[in-house]
Amino acid sequence: MTQQHSDIARSAIIGSMSLYSSEPSSLKNQDIPQTNGVHESNSGEAKGSSSNGLHGNSNEGVDGSAKSDVSDNSNGSDGKDSTLMPPPKSVIGRALGSNMNGVPTDKASLLSFSNGVGKALTDTPISTAPPSPQILARSQPPTPPRVRATTLDIPGLTRSKASPDGRISQRDVGSKLVIVMVGLPARGKSYITKKLARYLNWLQHDAEIFNVGERRRLAGRSPSTGNGSSASHKDLIDSVKRLSVSIGAMASPPDESTLPPAAVPTKILVNGEEAIQDGDAPTVIPPIDTGLTAAEKARSQSVTQSAEFFDPQNQSAVRLREQVALDTLDELLDYILERGGSVGILDATNSTLERRKAVVDHIRRRAGPELGVLFLESRCVDQELLEANMRLKLSGPDYRDQDPVQALADFKKRVSLYEKSYVPLGEYEEKNNMAYIQMIDVGRKIVSHQTNGFLSSQVVYYLLNFNLSPRQIWITRHGESKDDQVGRIGGDSDLSENGVRYAKALAKFIDHQRKQWELYQRQKELLKNFPPRPGDSTPPNPSYIPSDRPRNFCVWSSMLKRSVQTVRYFNEDEYDVKEMRMLDELNAGKLEGMTYNEIREKYPEEYGHRKKDKMFYRYPGPGGEGYLDIINRLRAVIIEVERTTDHVLLVSHRSVARVLLAYFRGLKRDEVADLDVPLGIVYMLEPKPYGVDFKAYRYNPATDWFDYIPDFQLRQASY
């Protein structure tokens, strides 16, 4: 029986092929089934096709309307481009195919065939297998770029093709970081940003602060004192002046003769440049004709931005501050994306959820998803700390030279206006996997969330060792050694007689300064609850250590003999003396014990390389070091100095003292290796909320004491 069916099928196929070959050529490509009554559908666009694949009325479209089957195109096609049509099925394909080729399977449809293959194959078993799915060509989505690893980059200790010097390369956007400050005024945001930027720059990661409040203040100055001449800067100045005048009209306008002068910010050095202060801010509304009177125009030359300027109900001020924030953010992104910066810090209140969303959206539009964003919020729950911070603001650029009592009242009003719309970090950021750090009472408590990446981890590590405790930090070189007398570098020689005298005088001088400082702090403590007085810009820093006993005093020296011998005269019952190898002098490798003249004569190439770029030069030979090596081994010392609440004296060597002073003074990279740090000078640094008080004392052999050097400034040396 099977053989009989095969013979019948073979005869039908051969007969059909003969019939097909005899068809007129004009009918072969038409869409009307002349031989088998089966119409091959083309992606659901066949005219008159029913749900079971049969071709119905040749003049009726899918929607039942009259259609023409044949186009008048010269190629005799049905109006569609023949190159886009699938090739016609052969008779063999139609004979052997199932309903996937348009052959009906139900009995009623089979009986409706009146000619062609339909009746010839009625005895052929029809496949019951489901049709194979049609595979359509699809365009593959582009492969996303590889997200680069954000492992550690340490200048002098790491190297790669992308970053041969160990710094974060320009192409590694994912390794860079935008820090967005969050917090109400007087929460220490600018204090934190300045210290953080100073630390990152000292580690050779280029960081810069972009302060929104400073941009607002610049706009509020007279055009003659502004630092920009661009059209956008002029628009900003005009906008703030117009707004300031309108705000002034809300209250009784003061007599213009009593208006305070334009604010001038305090000078804080971060990486050798003037830093900027805390605050929120504003920008650009197109200049318009304000119709101001002559008095109002004169008044606008010295813009005051009192508490009304920060009222969230003042929509004009809100729009202006939002625009200034975005303009400042664009400057930050230019620095990160186009000028090679590694860390940009946006210093503003960013106190609302809407503002923070706008900041993130703006960053993603310009920099894409890879650039790291870290929110850093400073909150104060200690009322004593908050009151001290507010009083410190009186010496800031918004209130300097104003009546301190009235200025403090105005500032508290400004803070209360911000509090109306303030939303702290927390639930929203955690639901959206956003990285953030919360600092409570400027370091008393730290909360960290999703802080991934090398730079973010460095930030967390630094902030964990933060404190506001008032204290003094002293830095000096060892006393004169025997090698110093003959000009030899390195080595491990003893002190000379002059060095011994210096060591004895140093112990007596530090003991005297320690007692004077304790007396001064007790006087300030007694005045902290009194109303602020003119010129009183330094109330005591809040501290969480007991104030009923003298502060401890640490003395740290290197492990080289000349340094150890310099601190031997400190009473160890009163001072905590410790030796640290991290404070050892730079190792000159095979050039140890030579003079600079000997190096120039015997190793002229090495001498030339060092003179050309001392900062990145490393001495040849076993153990040879460079300044970048000193920075990295001093990192633990710096963190310990920041962590401790005690006084500390660091007795070290020239290259180490240079690097330590560069950190505390925020010096530029090219100023570190040539800093003049002679023997016989003691440097005193006292951390303050708006910077570091810096003084210097020179040893006087005639009096065996240290003389204060007024207006001392660090300078460069040629050796």
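The values are calculated or read from the model by the stated rules, or taken from the named source; none is laboratory data. This is a predicted model, so every value here is computed, not measured. Quick reminder, even Gly has a Cβ in these numbers, built from the backbone with ideal geometry, and neighbours come from all protein chains shown. Accessible surface areas use protein heavy atoms only, side chains included; no ligands, DNA or RNA. Shrake-Rupley method; radii C 1.70, N 1.55, O 1.52, S 1.80 Å.
Structure data summary
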read-out: Heavy atoms of R633 accessible to a 1.4 Å probe, total area in Å² rounded to 10; value: 50 Å²
read-out: K420 accessible area, 1.4 Å probe, all protein chains in place, Å² to nearest 10; value: 140 Å²
read-out: Gyration tensor over alpha-carbon atoms, the range 473-709, equivalent ellipsoid semi-axes in Å; value: 35, 20, 16
read-out: The range 644-719: trypsin sites (Lys or Arg not before Pro) in DSSP loop, at most 14 other beta carbons within 10 Å; value: K668, R715
read-out: Accessible area, probe 1.4 Å, largest first, for residues E579, E671; value: E579, E671
read-out: Heavy atoms of D484: accessible area, 1.4 Å probe, square angstrom to 10; value: 50 Å²
read-out: Cα centroid separation, the range 414-462 to the range 172-213 (Å); value: 13 Å
read-out: Beta bridge orientation in the range 473-709: antiparallel %, DSSP, nearest 5; value: 55 percent
read-out: Low-density loop positions, chymotrypsin sites (Phe, Trp or Tyr not before Pro), the range 552-606 - DSSP coil, at most 16 other Cβ in 10 Å; value: Y569
read-out: Per-residue ³J(HN,Hα) for the range 504-517, Karplus 6.51 cos²θ - 1.76 cosθ + 1.60, θ = phi - 60°, Hz, x for Gly and Pro; value: 5, 5, 4, 4, 5, 5, 5, 4, 5, 5, 5, 5, 5, 5
read-out: Cβ-based net charge around H362, under 13 Å, with every Lys or Arg adding one and every Asp or Glu removing one; value: -1
read-out: Computed FRET value (nearest 0.05) for E601 with K688, which takes r as the C-beta separation and R₀ as 60 Å; value: 0.80
read-out: Stretch gain in nm, segment V486-K445, where the contour uses 0.36 nm per residue and the Cα spacing is subtracted; value: 9.5 nm
read-out: Efficiency of FRET between K508 and R549 - r from beta-carbon atoms, R0 22 angstrom, step 0.05; value: 0.45
read-out: Cα→Cβ-extended label distance, 7 Å offset, between N432 and V360, nm; value: 0.3 nm
read-out: Whole-Hz ³J(HN,Hα) from phi, Karplus 6.51 cos²θ - 1.76 cosθ + 1.60, for the range 437-453, glycine and proline x; value: 10, 10, 10, 9, 6, 6, x, 5, 9, 10, 10, 10, 9, 6, 8, 9, x
read-out: Alpha-carbon centroid distance for the pair the range 551-606 / the range 653-719, whole angstrom; value: 17 Å
read-out: Inter-label distance for S421 and R339, nm, one decimal - labels placed 7 Å from Cα along Cα-to-Cβ; value: 2.9 nm
read-out: Two-site FRET efficiency, R319 against R715, from Cβ-Cβ distance with R₀ of 56 Å, rounded to 0.05; value: 0.75
read-out: Where Y708, Y603 fall by accessible area, highest first, once all protein chains stay in place (1.4 Å); value: Y708, Y603
